[in-house]
Amino acid sequence: MKFSYNWLKEYVGPKMPNPQKLAELLMFRVFEIEELKKTEQDWMFDIKVLPNRAHDCLSHVGIAREITAILGLKIKNSIKIKNYKFKTKNDDLISIKIEDIRDCPRYTAYTINGIRVGEPPKWMQERLKICGLQPINNVVDITNYVMLETGQPLHAFDADKIADKKIIVRRAKKGELIRTLDKEKAVIGLDESILVIADNEKPIAIAGIKGGLDTGIDKNTKNIVIEAANFNPVLIRKASQKLKVRTDASVRFENEITPELADFGQARACQLIRQYCGGKTAGGMIDVRAKKTQEKTIKLNLGYVSDILGLRAGEQKSIRILSSLGFAAKKTSPGNLTVKAPFQRLDAATEEDLIEEIGRIIGYENIKAEFPQVSSEPMPQNKQLIAAEKCRDILQQAGFCEAYNYSFIGEPEKEIFYCSDSQLVELANPASILNKYGRPSLIPHLLKNVKNNSRFFEQIKMFEYGSVFNKQNQKPIETKCLSGVWSSGRPASEIFYGLKGVLEKLFDELNIVCRFAPMIKAANVFHANKAAQIQAGKQAVGVLGQINSRACF
């Protein structure tokens, strides 16, 4: 993301380092500077912000807070907003409806009447150009400016073009079309996976991505509605990829921002619009939301900080560093702090996260290398891993090759192996329809391995050790299993007794007494009356049998 040096300096003050020194400071604090370029009146920073810091650092205020924390300064609050705490008032000017609060946790709207559309001030145009945005008009440019400043994307609608003065946040209908403000993609086809902002007649914006042409701001606009909302990041990312439309707004939404940022962005936008566009606010801010975000309170032990970082940060220094980053830290007992994370720091949730912040601001390059002051003890043996390695050795000695397959199956395997939905563990967000469920058995993929290799080998002996997934009391359970397959032109009885001998040796090496008992009814994957149950004591631990031809791919 591109940032303006002079813009950042507004929040940092006269002690701001020169551009080269600033780039060096940020790079030592895990921010990669991809480009530093001199412009006519400013410097442009192209900073690679990693996803874990996108919640707050895709904004000038966020980067400025980092700079002041590094320099030990207080951030200058140049955003002076009067009447910041809006009173929610659902008047007759505009109405808001969210069909599914999970798609849109918060939607705020504010109406301003009697504005003048024209050119924004020169300084604003220059800053937008440095950050890679082309100036359009004062209203649109202010919404973009506030997004770059605070990290909250906004959109302005022409209030007189919204049918019945109703805004509806909903999924698009299949085949629905929208004319966007993007000249290259004038008309975009939508479907049910895409979230839109609509009026009573049609979509007027693609939520979190692009505004619609029909309600766009033009020179004749007099009354506007400012939107500051919060959308489901997964929905925005998928819609952006599907439509092949990636915008500054979509980047921020798909990386997730806090719903608490909406009213701050709304307040700043209204302040600038009234200052540079005129007009009067009509009524109060309409605020529709799921619930207020709860503050995260984290306990921090300063002794643990010393153990992890290898230095004593000290109580006062730790409080100062955390406070400079926006955390509220106070001492609760000797050596212990209670820290409240700011809403925009969605990445900070554990004690280790706070320790990372302290170490990062101190500077990892300033932490001396020392040997740990702890005793080293051997880890206790993992009996399961030892047994698994022994099984591998025995099967490999018997001529079996080990397979490594995906831990998921799709609809074809589900149908072939007669799996019901009640048995299967379905993934919430599968990578593809072929990886929709956690595999309930290792057999399906082993049979695929046999099919793929049968063109090259007359005899195939393979095994796999891995996780399978089933349900117990409607809850997903992961267990480790061992399965093998032997495919050959030999008689089935010969293969059966050959496998029986391998299993007997395996159980003998593991010091487990086993026996083989006939099965009255085997699973559908096996031939009827051609399978035996493997028992250890009174417990059934497996099945040995001939595969049913219907279960082969």
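The values are calculated or read from the model by the stated rules, or taken from the named source; none is laboratory data. Every value quoted in this text rests on a predicted model; they were computed, and no experiment measured them. Using ideal geometry, Cβ is built from the backbone for each residue, glycine included, and neighbour counts are taken over all protein chains shown. Areas reflect the complete protein model, heavy atoms only, side chains present, ligands, DNA and RNA absent. Shrake-Rupley method; radii C 1.70, N 1.55, O 1.52, S 1.80 Å.
Side notes on the structure shown:
- For the residue pairs 242/436; 475/538; 15/48; 21/296; 48/299; 97/299, the alpha carbons lie more than 29 Å apart in 21/296; 48/299; 97/299.
- The angle between the Cα long axis of helix 383-397 and the main principal axis of the chain comes to about 60°, on a 0 to 90 degree scale.
- Rounded, prolate or oblate (a/c below 1.5 giving rounded, otherwise prolate when a/b exceeds b/c) for the range 415-553 by Cα gyration tensor: oblate
- The distance linking the range 109-147 with the range 198-247 is 17 Å (Cα centroid to Cα centroid, whole angstrom).
- Remark: the chain carries 53 Å² of accessible area per residue (probe radius 1.4 Å; ligands, DNA and RNA excluded).
- As a fraction of the 1.4 Å probe accessible area of the chain, surface on carbon and sulfur atoms comes out at 51 percent.
- Given charges at Cβ of Lys, Arg, Asp, Glu: the range 284-361 dipole, positive-most of 324, 301, 350: 324
- Lysines whose Cα lies under 19 Å from that of residue 530, excluding same-chain neighbours fewer than 8 positions away: 500, 521
- For the range 387-490, the antiparallel share of DSSP beta bridges with both residues in that region comes to about 90%.
- Model label sites at residue 455 and residue 384, defined 7 Å from Cα along the beta-carbon direction, differ in position by 3.8 nm.
- Of the peptides 50-59, 385-394, 421-430, the order by per-residue mean of other Cβ atoms within 10 Å, starting with the highest, comes out as 50-59, 385-394, 421-430.
- Scoring 538-545, 489-496 by mean Cβ neighbours within 10 Å over their residues and listing the highest first yields 538-545, 489-496.
- Of the peptides 444-452, 268-276, the order by per-residue mean of other Cβ atoms within 10 Å, starting with the highest, comes out as 268-276, 444-452.
- Mean shadow area of the chain over all directions, Cα convex hull, nm²: 34.8
- Angle in degrees between helix 262-276 and the longest Cα principal axis of the chain, rounded to the nearest 10: 30
- Euclidean distance of C-alpha centroids, the range 311-329 and the range 460-511, integer Å: 56
- Summing Cβ point charges (Lys, Arg +1; Asp, Glu -1) relative to the Cα centre of the range 253-295 gives a dipole of roughly 300 debye.
- At the listed q of 0.26 Å⁻¹, the Debye profile of the range 410-463, built from one uniform point per Cα, gives log10 I(q)/I(0) equal to -1.02.
- Long-range amide H partners of residue 204 with built H, under 5 Å: 197, 198, 199
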